[in-house]
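This report concerns only the one structure given below.
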Amino acid sequence: MNGIAMPSDLLQAHLQHTAISSPECSYAQLLPLDPARALDLADAYFTAYPPGMAAASRAEAREEMASTFTQEYGKVLENASFMAVRKGKAVGAIMVVAESIWEEQLSGPFIIDLFTAPAHQGHQLGRSLIAAAMLACKEQGARTLSLRVGEGTSPAAHRLYAQAGFLPIP
């Protein structure tokens, strides 16, 4: 989410032509993104990435969550951004903005982050979160949903995006 220029590739799903899987998840509840859960979200965000790929400290992760909720990374689409809550704690999230502030050539919704705390990975939370965001964007009339992958994007995330129908933007 930070404003640092990163090597990246843009991916996009054409929502009208993509079979979107069910967002149902038995492991955690998928709820609308809630600023009251910013501390849980910051903790999950901080631990979800390898050192040096996202926030450098928990304090920086908290600052980035605050920046997300104050719209510094774009207007958060509240009805297309979700968090995974397990036993009362937010353990993952997908954050979608109306359009990218970094990729001016794109129009339409843009995923600024998708993460799951390591202790909760392997339970299909990422798949469920991305499906929920895709369905919400499609229901709101969006034709596409885009995201950017960079050097810190895990092989599992690349597989998830491909399975969800995200393709490189030519």
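What follows draws every value from the coordinates through simple rules; no lab data is involved. It should be emphasised that the depicted structure is a prediction, and the values quoted were computed from it without experimental measurement. Because the Cβ atoms are built from the backbone with ideal geometry, glycine has one as well, and the counts that use them run over all protein chains shown.
So, counting K/R as plus one and D/E as minus one, what does the shell of residues with Cβ under 14 Å around ALA98 add up to? That sum, taken over residues with Cβ under 14 Å, equals -3. Going by neighbour counts of Cβ atoms within 10 Å, the residues LYS138, LYS75, LYS87 line up, fewest first, as LYS87, LYS75, LYS138. GNM on the chain, alpha-carbon springs under 10 angstrom: the most fluctuating residue among GLU139, GLU151, GLU64 is GLU151.
When DSSP beta bridges are restricted to pairs lying wholly in the chain, around 90% turn out antiparallel.
Tell me which aspartates and glutamates have Cα within less than 18 Å of LYS87's Cα, excluding those fewer than 8 residues away on the same chain? LYS87 reaches GLU24, ASP34, ASP40, ASP43. In straight-distance terms, cross-link reach from LYS75 covers every one of the lysines whose alpha-carbon lies under 20 Å from its own, apart from those fewer than eight places away in the same chain; here that gives LYS138. Normalised size of segment 75-154, defined as Cα radius of gyration per 2.2 N^0.38 Å with N residues, equals 1.10.
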